[in-house]
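Asker: Sending over a structure as structure tokens; questions will come in a sec.
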Amino acid sequence: MANRHRTRLVFLALLVLAPGAGRAQASRPQGPLLYLIAPGPSTQREAGRLFRLCRWTDTTVARDADAVVAVVRSSSGNPLAWSYDSLKWLRDAASGQADESGAQFHVYVYVFTPEGPEHLQGVSHRSFDVNAGGVLTLLGQPAPGTSSWCGWGCACF
């Protein structure tokens, strides 16, 4: 059982952290099944963009998911913790970050661990700046349209 979780953790870490090799192909199969937590309108829009870009599939049943993705908007550098003892605590923490004027989007990826039926461990945290025009950019990367840049390890645009 522990090997299954370790294999899933390594797979998801590689999927999320590996640099993209080029534009996503139209025939590319759907990616992992993910449970989404996005408490505000802007985080829901950003999550929708990421799910389309990365070809991730959303599920409403957290235990069926390969991972849990939490998208929050905040001016804090690290608004969510790296692990949670329950999905409810993660949802509550994300809802507490509902800041529609926050300077950055934060996307966390968590996986369920064998430490308990609901225990979640973080495997990735990425931040994007939100500029005045509403275009999202990776920290330290040029804005889309000014040059090619890769985001999330699932595509380049």
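Since every read-out is calculated from the coordinates, none of them should be taken as a lab result. If you're wondering where the values come from, they're calculated on a predicted model, not measured in any experiment. When we count neighbours, we look across all protein chains shown, and the Cβ atoms used for this are built from the backbone with ideal geometry, even at glycine.
Asker: Using 0.36 nm per residue of separation minus the Cα-Cα distance, give me the extension gain between residue 75 and residue 89 in nm, one decimal.
Answerer: Value of the extension gain: 3.0 nm.
Asker: Output wanted: per-residue J couplings in Hz (rounded whole) for region 85-94, from phi through Karplus 6.51 cos²θ - 1.76 cosθ + 1.60, θ = phi - 60°, x for Gly and Pro.
Answerer: Whole-Hz 3J(HN,Hα) from phi for region 85-94: 7, 7, 5, 4, 5, 5, 4, 5, 5, 5.
Asker: What does the charge count around residue 76 come to, taking other residues whose C-beta lies under 14 Å from its C-beta (Lys +1, Arg +1, Asp -1, Glu -1)?
Answerer: -1
Asker: Multiplying the sequence separation of residue 129 and residue 100 by 0.36 nm and subtracting their Cα-Cα distance, what value in nm do you get?
Answerer: Full-extension gain reported as 9.1 nm.
Asker: Here's another thing I want to ask about it. Quick query: amide H of residue 124 versus all other amide H atoms, modeled in the peptide plane; which residues come in under 5 Å with a sequence gap of 5 or more or a different chain?
Answerer: 109
Asker: From the phi angles alone, apply the Karplus equation (6.51, -1.76, 1.60; θ = phi - 60°) to region 60-68 and give each ³J(HN,Hα) in whole Hz, x where the residue is Gly or Pro.
Answerer: Here the 3J(HN,Hα) series is 9, 10, 4, 6, 7, 6, 6, 7, 10 Hz.
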